[in-house]
Amino acid sequence: MQTAHLLRLSQSVRTFVEEVETSSGLAIDVVANPKLNTDGPVGQGKLKVCIEANHVRLHAPTNGYFPDGGVRHEVLHVNRLHVEGVPRLALAEFVNWDPKFERFLVQVDNALEHLVIVPLELQHHPERRAHWDAVMGKVWTIAIAETLTSELDRRIGACLHWTFLRHVLPESITVDAAITLLKLHNLRAEADCFYDKVVPKLGDKLSVVKFFFDWFSEVPRDRAAIEYLDSSTGGSILSLIPS
């Protein structure tokens, strides 16, 4: 990470960034992106990390938004992929370019990763709880309530985000609204069962991915793959979803 950006961070976050860079063999390059200035749950800005086998770019607003907790969150994603060797969901090799399904896989993978990453983030930065409360507020009042119109999409969103609330933010101000919406769509029982079954598997990403595709059998698992990044070769390895 460029020195000017490192110096804006607390010593503990700076040390974490440097450790991940050393262990992964990749520099985390901060890229100014004014389009992010009004993004985020409350419109104050948002960080976005793009992680590939041979580079990592942390896109940051130009309005000064560069919080310790937000930076740690994005670098935790880097650590998972490039240091711990945890795979991510990707399109299968034989699948032609399918931006809609690829975007879906990215969103699912991000939600699954947050079940592991956000608890670590909050251990170091409890002030970030307000950020995640705001994120969940938008998810439940806009995404699940209005945007997700198909039954499958709503089931997936409800299960993933209810699991996040119960596992990460059980005292969130959003819980009551989430319960109301789950009951409205008759999804409370399924979401609770999904939570009970997926949380014990969080230490093994492959088990989590297999469980997701088993639970939501309508999602075409043969069009998806698990991708391992390898910074030493600058490439990646795609494998089939475990059956």
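Filter region 212-240 down to the residues that are hydroxyl-bearing (Ser, Thr, Tyr) and either in contact (Cβ under 8 Å) with a residue 40 or more places away in the chain or over 20 Å from residue 151 (Cα atoms) (or both) and list them by number.
Result: 228, 231, 232, 233, 236, 239.
Suppose we filter region 192-218 for residues that are in a loop (DSSP other than H, G, I, E, B), surrounded by 15 or more Cβ atoms within 10 Å (Cβ to Cβ) and under 17 Å from the mean Cα position of the chain (by Cα); how many remain?
Looking only at that region, the number is 1.
Evaluate region 181-192: report whether one residue or more is at pLDDT below 95 and under 19 Å from residue 41 (Cβ atoms).
Yes; the residues of region 181-192 include at least one that is at pLDDT below 95 and under 19 Å from residue 41 (Cβ atoms).
Which one of 177, 130, 145, 189 is closer than 22 Å to residue 76 by Cα, hydrophobic (A, V, I, L, M, F, W, C) and part of a helix (DSSP H, G or I)?
On inspection, the qualifying residue turns out to be 130.
Which condition from (1) charged (D, E, K, R); (2) open to solvent by 20 Å² or more (accessible area, probe 1.4 Å); (3) closer than 17 Å to residue 169 by Cα; (4) at pLDDT 95 or above is the one that residue 138 breaks?
(4)
Here's the yes/no breakdown for (1) closer than 18 Å to residue 109 by Cβ; (2) assigned to a helix (DSSP H, G or I); (3) open to solvent by less than 20 Å² (accessible area, probe 1.4 Å):
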| position | (1), (2), (3) |
| --- | --- |
| 50 | yes, no, no |
| 63 | no, no, no |
| 69 | no, yes, yes |
| 73 | yes, yes, yes |
| 80 | yes, yes, no |
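Among the listed residues 166, 154, 128, identify the single one that is buried (at least 17 other Cβ atoms within 10 Å of the Cβ) and under 23 Å from residue 90 (Cα atoms).
Result: 154 is the single residue among 166, 154, 128 that is buried (at least 17 other Cβ atoms within 10 Å of the Cβ) and under 23 Å from residue 90 (Cα atoms).
Every residue in region 17-39 that is buried (at least 16 other Cβ atoms within 10 Å of the Cβ) and either touching a residue at least 60 places away in the same chain (Cβ under 8 Å) or in a strand (DSSP E or B) (or both), please.
Passing the criteria: 20, 24, 26, 28, 30.
From the list 47, 58, 36, 81, pick out the single residue that is of a type outside the set (Asp, Glu), within 26 Å of residue 174 (Cβ to Cβ) and under 16 Å from the mean Cα position of the chain (by Cα).
On inspection, the qualifying residue turns out to be 47.
Filter region 3-16 for residues that are in contact with a His (Cβ under 9 Å, 6 or more places away or on another chain) and among the hydrophobic types (A, V, I, L, M, F, W, C); which is most open to solvent (accessible area, probe 1.4 Å)?
Among them, the one singled out is 16.
The values are calculated or read from the model by the stated rules, or taken from the named source; none is laboratory data. Please read these numbers as outputs of a predicted model, since none were measured by experiment. Don't worry about glycine lacking a Cβ; one is built from the backbone with ideal geometry, like all the others, and counts go over all protein chains shown. The protein model used for the area step is the full one, side chains on, heavy atoms only, and it has no ligands, DNA or RNA in it. Shrake-Rupley method; radii C 1.70, N 1.55, O 1.52, S 1.80 Å.
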